[in-house]
Amino acid sequence: MANKRMYVVSGGMIQCDLANMVCMPVMGNAREHEVKSIWADSPITCMLIENEEGLVLFDTGCHPDAMRGRWDEGNCLRTPVSVGEQEGVLAALKMLGCRPGDIRYIVLSHLHEDHAGCIEFFPQAKVLVSDRELTGAMRLYALHGDMGGYIKNDIRAWLEKEIDWEPVADEEEERELLEGIRILNFGAGHTFGMMGLLVTLKDSGNYLLVSDCINTKENYGPPLRFPGLAYDTIGYRKTAERIRRLEKKYQAKVLFGHDIGQYRQLKFVPEYYT
């Protein structure tokens, strides 16, 4: 078995309107015309996989200076984030006695601020991302439009650092990155192009790392509940159905992108799964 360990890295905690993750969590009625939004905790996680052929990082979390000028005011107000001293991918690597240069591959679920904020710290890594996602984010940047969850300062840093991108084309639905690590190219859904990983471990079996393809167990259902932020709801449903098929086929454990209940049950660096 090529995978020795999988570490879960806590990337801190975002706060946001619950409607970002689950569409219409509170509905008005004839007696309550104006319902209040629910302000919720939304955890961030990244995965570090120790493979015999090198270290693989799935997502990178937020930039350390997110709330200190890295993000624009709108992002800071909509999704303020707090990251502790022992949280984030850089702290996790230091805790494990590793350096950023030790990362061989980064696989990105998508390019939003809480998943791709630290790419610039890994200039030696090959960075795999959906071709559609990279194209869509760069187009928004070039057209000076509303960036949503994409951060202009992040993109500027990627361009300055000359990141070693490897876009994954739409027609390539799956790719074995290394033994026991398979890239799943899900296509449009939450964003322009989403990706996940199927990770096989000797003792604990298969894990489906789906990130924001499915934000929470509540989204997954059944019944399926869409997030409030979805670029393509038809694609989102197709992805959810595909994940269910993969879960059944591989008897896999699904790790959601922002499920607070699941987050509280995980073990984090320096502990690991084998």
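Odds and ends about this structure:
- When ILE183 is tested against (1) in contact (Cβ under 8 Å) with a residue 40 or more places away in the chain; (2) out of contact with any Asp or Glu (no Cβ under 9 Å at 6 or more places or on another chain), just one condition goes unmet, and that condition is (2).
- Cβ pairs under 8 Å, 6+ apart, first in the stretch 142-157 and in a helix (DSSP H, G or I), second surrounded by 10 or more Cβ atoms within 10 Å (Cβ to Cβ) and among the polar types (S, T, N, Q): none
- Any hit, the stretch 36-45, residues being farther than 30 Å from LEU177 by Cβ and surrounded by 14 or more Cβ atoms within 10 Å (Cβ to Cβ): yes
- Qualifying positions in the stretch 46-83 - crowded, with 23+ Cβ neighbours inside 10 Å and more than 30 Å from GLY101 (Cα to Cα): none
- Scanning the stretch 39-56 turns up no residue that is modelled with pLDDT of 95 or more, small (Gly, Ala, Ser) and assigned to a loop (DSSP other than H, G, I, E, B).
- A search for C-beta distances below 9 Å between a residue of the stretch 257-274 that is of a type in the set (Lys, Arg) and any residue that is at pLDDT 95 or above, counting only pairs 6+ apart in sequence or on different chains, returns ARG264/PRO43; LYS267/VAL8; LYS267/TYR273.
- PRO100 vs. criteria of a type outside the set (Gly, Ala, Ser), at pLDDT 95 or above and touching a helix residue (DSSP H, G or I) at 6+ places or on another chain (Cβ under 6 Å): yes
- Residue within the stretch 242-252 that is farther than 19 Å from GLU176 by Cα and either surrounded by fewer than 21 Cβ atoms within 10 Å (Cβ to Cβ) or hydroxyl-bearing (Ser, Thr, Tyr) (or both) present: yes
- Checking ASP131, ASP203, ASP154 one by one, the residue that is among the acidic types (Asp, Glu), farther than 30 Å from LYS249 by Cα and modelled with pLDDT of 95 or more is ASP154 and no other.
The values are calculated or read from the model by the stated rules, or taken from the named source; none is laboratory data. The model shown is predicted, which means the values in this text are computed figures rather than measured ones. When we count neighbours, we look across all protein chains shown, and the Cβ atoms used for this are built from the backbone with ideal geometry, even at glycine.
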